[in-house]
Amino acid sequence: MHGRVKVRTTEEEKLRKEKERQEKLKVFKNVMQKIHHKRQQHEYDKELLELTGKVLVSNPDIYTLWNIRREILEQIRKSKSDEEELTKLFNDELGVTEYCLKINPKSYCAWHQREWVLTTRSDPDWKKELNLCNTYLKLDERNFHTWDYRRFVVSQCKPPLQDEFDFTTEKLLDNFSNYSAWHYRSKMLLQLYPDVEGGRPIQDKHHKHELKMVQNAAFTDPDDTSAWFYQRWLLGAVKTVTSLVVCTVTQMKTTVAFSKQVSHNYVQSKTRIFFDNVAINGDWISCNGNNHDCLWIFKHNVTINDDIDVKVEYEDEYEGHYVLKCVKYKPFIYIGKSEICFQNKYSQPVIEELNEQLESCRQLLLLEPDNKWTLLTTTVFLHCINAKLYHNEAIVNIKNLKNLDEQRAGYYNDLISKWNIENQLPLDYEYENLVFRPSFSDKLTSLPHLQYYSFCEIIDLSNQYLSSNILPSLKYLQHCKILILRNNKLHTLKGFPSIELEKLDIQGNEDISEEELENFKKNHDFITIFN
């Protein structure tokens, strides 16, 4: 009909678009062939810059073309061109990257090229780059590429940290759901407000302020995870001290276990063992053959008598000095154990704030009982405030979380194992006992803090839910004689460590094949194996 715009059918439109695509592809291939030919001929000239630029403004993520452009600019720079020409070329290159970023603000290649230009030229304008970051973060305050680039720019021009900290506040008030802003804020918080006198990562005043701020963010949108993660980081920002937890001396072996992994240099410089008040010389060997380990074997040539005085002197990373006296448990066996405490140590003002926020979380749970983040945060607060007092409630909450968040059931099971072990360990260390067996009803799915039980001769892990993944960690049981792994979930014995056992009970692990079991017995004929 006259006077009406013809509307193409779906098929016609499809054919038209396919024709356009083929034409563009043909042009693209021709240009790329020319680019590669010129590169092979080492024709690093301005024509090659123009050709690569034409392709990149349409598709900024062809990394090879950015490499070629860097090669060209390096070639021109080394040819001793005048500074004015170089400045123009670098400015043009920044212009190309800026154009590409308008097409794709999340282009890794374009941001990287811009960073290269700024560090290669002699006259970078860092203030301009900081303003560019401001512009892009106004367009998308959550673009982590821009935040990464901003951190790079700040590392070069070093503006006042307080200004950057205030900038994150501004962006978070615009939108709390901003992982990058929270992360950047955490880095500056530690630099701006460390508690030097108290030895804590953050001053109490600012620790409380951040906890209040992040609570407001979390309660504004309980389903947003960014604030919850920052809150978890704040709760972990406490003073931690590396402790020497147990020293075991026998005629066969001397070992020392630490609360966390330490380096060879660390244990060698900060630990000394004395027999009858005489410092013993020897070599420290990692239990697992690594440079960092939490259990170290002390090789020495001294004969262990049945009546000697054994002690360990130790210095922590804060230059605190400790003396651990070893007690005779059995003939020729001396063990020294420290007081064990896994409780995070917060200042009283921070504890008061945590109690207030715990109450707020309880109220929010009444309104949204199925919100997993609120329930998890409530549970973490309980653990942080007083892990021993609230242990049972925390474990019940974790079991509820397994039902609410089935995809992370494995994580919750391992957390239950960890908190149960941490609850039992201080009690075990009060008694002169060389046996470890779980005293709780929940099944173990992992073996955290196993180095704490390195002194035990009998380890009973029967009737748990342990898989073969735990086998390498059994290396920490350097003094174990009897190991009971009956009725677990072992499916293979690959990874079983070389430890000097006398008896091993692996009955009830039905997924282990007969063939593997027979081979294992042949290779471990010095062990009495029950299967």
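Only the coordinates and a few stated rules stand behind these numbers; no lab work does. It should be emphasised that the depicted structure is a prediction, and the values quoted were computed from it without experimental measurement. As a convention, Cβ positions derive from the backbone with ideal geometry for all residues, glycine included, and neighbour counts pool all protein chains shown.
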By how many nm would the segment from residue 62 to residue 319 grow when fully extended, if each residue of separation counts as 0.36 nm and the alpha-carbon distance is taken off? 87.2 nm
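Sum -39500 (n - 2.57) across every DSSP H segment of at least 4 residues in the chain, then divide by the residue count to get the 222 nm mean residue ellipticity, nearest 500.
-16500 deg cm²/dmol
Test of understanding: what is the full-extension gain from residue 85 to residue 392, defined as 0.36 nm times their sequence separation minus their Cα-Cα distance?
Numbers: separation 307, 0.36 × 307 = 110.52 nm, distance 7.24 nm.
Full extension of this stretch gives 103.3 nm more.
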Under a 5 Å amide H to amide H cut-off, with H placed in plane at 1.01 Å, what residues pair with residue 224 once short-range neighbours are removed? none
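So, by mean Cβ neighbours within 10 angstrom, what's the order for 400-406, 61-67, 298-304 with the highest one leading? Walk me through the intermediate numbers first.
Details: 400-406: 14.9, 61-67: 16.7, 298-304: 13.0.
The densest-packed peptide leads the list: 61-67, 400-406, 298-304.
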Modelled label-to-label distance, residue 327 and residue 40, 7 Å Cα→beta-carbon offset: nm? 8.0
Tell me which residues come under 5 Å, amide H to amide H, from residue 275 once H is placed; ignore anything under 5 positions away on its chain. 280
Using amide H atoms built in the peptide plane, which far-off residues or other-chain residues are under 5 Å from residue 260 H to H? 243
Normalised by the number of residues in the chain, what is the relative contact order in percent for Cα pairs under 8 Å and 6+ residues apart? 7
Go from 0 up to the bin containing the longest alpha carbon distance in the range 428-530, width 10 Å each, and give me the % of pairs per bin. 15, 52, 29, 4, 0
I need the calculated FRET efficiency for the pair residue 458 and residue 367, taking r as the beta carbon distance and R₀ as 35 Å, to the nearest 0.05. 0.10
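What percent do you get for the relative contact order of the range 428-530 when only Cα pairs under 8 Å and 6+ apart count?
Working: 188 pairs, mean separation 22.5, N = 103.
For the range 428-530, the relative contact order is 22 percent.
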The ³J(HN,Hα) series, computed from each phi in the range 28-39 with the Karplus coefficients 6.51, -1.76 and 1.60 at θ = phi - 60°, rounded to the nearest Hz and given as x for glycine or proline, is 4, 5, 4, 5, 5, 4, 5, 4, 5, 5, 5, 5
Full extension from residue 263 to residue 491: what is 0.36 nm times the residue separation minus their Cα-Cα distance, to one decimal in nm? 78.7 nm
Lys/Arg +1, Asp/Glu -1 at C-beta; the range 228-334 dipole; positive extreme among 289, 236, 266: 236
FRET efficiency, residue 170 to residue 239 (Cβ-Cβ, R0 30 Å, nearest 0.05): 0.45
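Can you give the charge dipole size of the range 428-530 about its Cα centre, rounded to the nearest 20 debye, using +1 on the beta carbon of Lys and Arg and -1 on the beta carbon of Asp and Glu? Walk me through the numbers on the way to the answer.
Values: 10 positive and 16 negative charges, 35 e Å.
Around 160 debye, computed over the range 428-530.
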³J(HN,Hα), Karplus 6.51/-1.76/1.60, whole Hz, each residue of the range 274-286, x for Gly, Pro: 10, 10, 6, 6, 10, 5, 9, 8, x, 10, 8, 10, 5
With +1 on the Cβ of every Lys and Arg and -1 on the Cβ of every Asp and Glu, the dipole magnitude of the chain about its Cα centre, in debye rounded to the nearest 20, is 1680
How large is ³J(HN,Hα), in whole Hz, for each residue of the range 242-256 in order, when computed from phi with the Karplus curve 6.51 cos²θ - 1.76 cosθ + 1.60 and θ = phi - 60°, using x for Gly and Pro? 6, 10, 8, 9, 7, 10, 10, 10, 10, 5, 8, 7, 10, 10, 9
How many nm separate the modelled label positions at residue 514 and residue 26, each set 7 Å beyond the Cα in the direction of the Cβ? 7.1
